[in-house]
Amino acid sequence: MEWIGRALEKLREKKPLVHNITNYVVMNTTANALLAIGASPVIAHAIEELEDMIALADALVINIGTLDEHKIYSMLKAVEIAKNLKKPVILDPVGAGATKLRTKTSLMLLEVGDISVVRGNFGEMAALLGEQGKTRGVDSLTYDKEAAKDLAKAVAKEFGVIAAVTGAIDYVSDGRRTYAIENGTPMLGRVTGTGCMTTAIIGAFLAVEEPLKASVAGLTTFEIAAEKAFEESPYPGSFHVKLYDWLYRIDGEVIKERAKVREVEP
Amino acid sequence: MEWIGRALEKLREKKPLVHNITNYVVMNTTANALLAIGASPVIAHAIEELEDMIALADALVINIGTLDEHKIYSMLKAVEIAKNLKKPVILDPVGAGATKLRTKTSLMLLEVGDISVVRGNFGEMAALLGEQGKTRGVDSLTYDKEAAKDLAKAVAKEFGVIAAVTGAIDYVSDGRRTYAIENGTPMLGRVTGTGCMTTAIIGAFLAVEEPLKASVAGLTTFEIAAEKAFEESPYPGSFHVKLYDWLYRIDGEVIKERAKVREVEP
Amino acid sequence: MEWIGRALEKLREKKPLVHNITNYVVMNTTANALLAIGASPVIAHAIEELEDMIALADALVINIGTLDEHKIYSMLKAVEIAKNLKKPVILDPVGAGATKLRTKTSLMLLEVGDISVVRGNFGEMAALLGEQGKTRGVDSLTYDKEAAKDLAKAVAKEFGVIAAVTGAIDYVSDGRRTYAIENGTPMLGRVTGTGCMTTAIIGAFLAVEEPLKASVAGLTTFEIAAEKAFEESPYPGSFHVKLYDWLYRIDGEVIKERAKVREVEP
């Protein structure tokens, strides 16, 4: 897994501008995660400035966590602009399956945009394929290793994207090749927006790698940082703080030592 | 006060979904406080998804900290839906008394909804009874033990709610029975949104206890966690971090040891 | 530089109400920075309550970090009200130069309002004078000591304000007198919203000092707090936490020991 460390070095050298249209809950923490790892975040959703901002950006992150009609319109417009400007886009369908609005909005974005990567939990990703009732608020009600792997493949095929289904084991698939990542800690579930941070971190890697590799690198790097943070602080407040410390401190050595990534298919 | 520890255990077992329509300043910290204690938070205000989301929720938290006309409409709609679905609702009238808009919005919510609990500081709660000029920004300009107790009773009677007036001593009343809670630390005043967190934590307890008990349990648990945090870190940044740690670590033993709750009336 | 310590004492005694119309990314951290130093923050943008809130406030902070048309209208209205009520206003033109919307909005605010202080990085401040292309997202693409000094003077003269151009060395000018401040740490660049915090802290000093002194005092105090925080924690998550601790702990002694402020002109 030495390529992940090298991808991280490339990211830090490039310091990519990552444009986020994201939810209000995680704006601050997303920006801090991106700064800590070495990217340059911008959070902006005004219709009038999307064209200017996306032109400057190296990647676009769309996160539907707190919707309203202006924001939905802004997201649709943004993915269209990104398509025209050939900028990579990652979508986080937060809470898809919990409400019809979220499922519908995610599907519209997938239709209108040229999305490179979709990252979500089991319930959210299942909802994109029409399976409702597996999301409660923004949490998945279900998770099963075998099903998660198949779900990643199915979402990838259905929408022509890289699909990352995160959970106890993460599965990343382009519909043909599928990778499993077993890093991380359950403490991530006790801090809000850690899923959203993962998405944004993958967004930063999209500026330096093709989407499948960017997804594997982003998830692995983020989750190893979380492992290190948890070893220093087993409680959620302190863990959260150390997570930024480790997004800053992590390097190829630590990744090589810790990465539990394997190709499970074909 | 052993029942408070038991209520906390019930909360952690149930992991209630707490739906928050809250202000932008505290969205992240509210979600983290709820996650730390063991609840499952969701922050959502799109009109189109309120029905779906409230149907899933165990309790609804309404916090008027940053208003605009869309949000007011969304809050009014939400309390109506919660009334129909018989979901418990807690209202935090942030800054009532500082501006007419905030006082008026709080009163509308109390009229339209079936609010279980209202939690505010002295100035905010006094404003609900028509006494203006006791709030400066979002802080109370005045506090007096005896007056606070009477205010809790009066608000409870006027609106048919459980009223929690927080300050140096907190008073919780249903209009007849009144409890005083003397836990906490002044350092809570140096971190933004700690009042809002208290409200959200009471919201989580509303999923497992009737409103009067939920209010006493929420305030006591939160304020003891704050005491423990302050003992570890007497400065606001570190204190804030430790507060989440202790919302996670606190248990029946710590509560039993520390709780300063007494029935003051009748 | 003993006057800075005295200004800080005055600030803490007065506990000024600082009204912020700011971006969603930094609302929480701005409020916490203001609370830590000893001010009383309020974040509010509803048109309907601006008049009431600004009447109560000791200073107004306008930060254009996340715009939309409602917010622009609210900001324009707010600076008009502040002008009528003779309340000091500080403007943070976040991202000016990156998009036309941001540059244009900043210029409108300068035209409509009676702005006391403008604080921005090199790219943002240059954009106010018509030089585009020096901002990438919310970061400056360029910085040069000599140019920064001249830029501060030029912005001050052009708009009749105190201009603070922050960077490796900060320059504060009224167009005639110019001060250089060499405190701070590059780690500030790894935490989102530290520029916005600086602006808000200057806002708090505006309640107790005239604008030139308030700007010098705010920048110096904030950046020395950052130095102390960095000495305790060289990683961004922990540094961020310690920054609030030191905004609370800093006093005249520490400032006297550390301040690197000098008048460079005339």
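Quick notes on this one:
- Looking at C:Leu141, C:Leu129, just one residue is touching a Gly at 6+ places or on another chain (Cβ under 7 Å), surrounded by fewer than 24 Cβ atoms within 10 Å (Cβ to Cβ), touching a residue at least 12 places away in the same chain (Cβ under 8 Å) and hydrophobic (A, V, I, L, M, F, W, C), and that residue is C:Leu141.
For (1) within 30 Å of A:Leu50 (Cβ to Cβ); (2) open to solvent by less than 10 Å² (accessible area, probe 1.4 Å); (3) within 12 Å of another protein chain (Cβ to nearest Cβ), each residue gets a yes or a no:
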position: C:Ile4; (1), (2), (3): no, yes, no
position: C:Glu9; (1), (2), (3): no, no, no
position: C:Ala44; (1), (2), (3): yes, yes, yes
position: C:Pro93; (1), (2), (3): yes, yes, no
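- When A:Ala147 is tested against (1) modelled with pLDDT under 95; (2) open to solvent by 50 Å² or more (accessible area, probe 1.4 Å); (3) within 24 Å of A:Ala214 (Cα to Cα), only condition (2) is not met.
- Enumeration of residues in segment C:100-115 that are assigned to a helix (DSSP H, G or I), open to solvent by less than 30 Å² (accessible area, probe 1.4 Å) and of a type in the set (A, V, I, L, M, F, W, C): C:Leu101, C:Leu109, C:Leu110
- Pick from segment C:60-79, criterion among the hydroxyl-bearing types (Ser, Thr, Tyr) and out of contact with any helix residue (DSSP H, G or I) (no Cβ under 6 Å at 6 or more places or on another chain), ranking: nearest to the other protein chains (Cβ to nearest Cβ): C:Thr66
- Odd one out for C:Ala127, checked against (1) farther than 12 Å from C:Leu67 by Cβ; (2) at pLDDT below 95: (2)
- A count restricted to segment C:126-169 and to residues that are among the acidic types (Asp, Glu) and either within 14 Å of the chain's Cα centre (by Cα) or not in a loop (DSSP other than H, G, I, E, B) (or both) stands at 4.
- C:Ala156 surrounded by 24 or more Cβ atoms within 10 Å (Cβ to Cβ), touching a helix residue (DSSP H, G or I) at 6+ places or on another chain (Cβ under 8 Å) and without any contact (Cβ under 8 Å) to a residue 60 or more places away in the chain: no
- The single condition among (1) acidic (Asp, Glu); (2) over 14 Å from the mean Cα position of the chain (by Cα); (3) closer than 27 Å to B:Leu101 by Cα that B:Glu209 does not meet is (3).
- Within segment B:46-59, being acidic (Asp, Glu) and facing another protein chain (nearest Cβ under 9 Å) holds for B:Glu48, B:Glu49, B:Glu51, B:Asp52.
- Of the residues making up segment A:27-40, those that are within 7 Å of another protein chain (Cβ to nearest Cβ) and either within 14 Å of C:Cys196 (Cβ to Cβ) or out of contact with any Phe, Trp or Tyr (no Cβ under 7 Å at 6 or more places or on another chain) (or both) number 7.
- Note on segment A:166-179: residues that are surrounded by fewer than 23 Cβ atoms within 10 Å (Cβ to Cβ) and either closer than 15 Å to A:Thr194 by Cβ or touching a Pro at 6+ places or on another chain (Cβ under 7 Å) (or both) amount to 4.
- The residue pairs whose first member lies in segment B:62-87 and is in contact (Cβ under 8 Å) with a residue 24 or more places away in the chain and small (Gly, Ala, Ser), whose second member is assigned to a loop (DSSP other than H, G, I, E, B) and open to solvent by 40 Å² or more (accessible area, probe 1.4 Å), and whose beta carbons are closer than 8 Å, counting only pairs six or more residues apart or on different chains, are B:Gly65/B:Val138; B:Ala82/B:Asp114.
- Test result for C:Gly65, at positive phi and of a type outside the set (A, V, I, L, M): no
- Every condition in (1) at pLDDT below 95; (2) farther than 26 Å from B:Val138 by Cβ; (3) open to solvent by less than 40 Å² (accessible area, probe 1.4 Å) is met by C:Leu67 except one, and the failing one is (2).
- Criterion (within 22 Å of C:Lys100 (Cα to Cα) and in contact (Cβ under 8 Å) with a residue 40 or more places away in the chain) met by exactly one of C:Val172, C:Val165: C:Val165
- Taking segment B:180-266 and the helices (runs of 4 or more DSSP H) fully enclosed by it, the elements with 1 or more residues that are open to solvent by 30 Å² or more (accessible area, probe 1.4 Å), without any contact (Cβ under 8 Å) to a residue 60 or more places away in the chain and away from chain A (no Cβ under 14 Å) are at B:211-232, B:252-258.
Each row is one residue, and each column tells you yes or no for (1) in contact with a Lys or Arg (Cβ under 8 Å, 6 or more places away or on another chain); (2) farther than 21 Å from C:Ile72 by Cβ.
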| residue | (1), (2) |
| --- | --- |
| A:Lys14 | no, yes |
| A:Ala46 | no, no |
| A:Glu49 | yes, no |
| A:Glu80 | no, yes |
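- Qualifying residue in segment C:116-125 (condition: touching a helix residue (DSSP H, G or I) at 6+ places or on another chain (Cβ under 7 Å), away from chain A (no Cβ under 14 Å), part of a helix (DSSP H, G or I) and crowded, with 24+ Cβ neighbours inside 10 Å): yes
The values are calculated or read from the model by the stated rules, or taken from the named source; none is laboratory data. Please read all numbers here as calculations on a predicted model, not as lab measurements. All Cβ positions, even for glycine, are placed from backbone atoms using ideal geometry, and neighbour counts span all protein chains on display. Side chains are part of the model used for accessible areas, which takes the heavy atoms of the whole protein and leaves out ligands, DNA and RNA. Shrake-Rupley method; radii C 1.70, N 1.55, O 1.52, S 1.80 Å.
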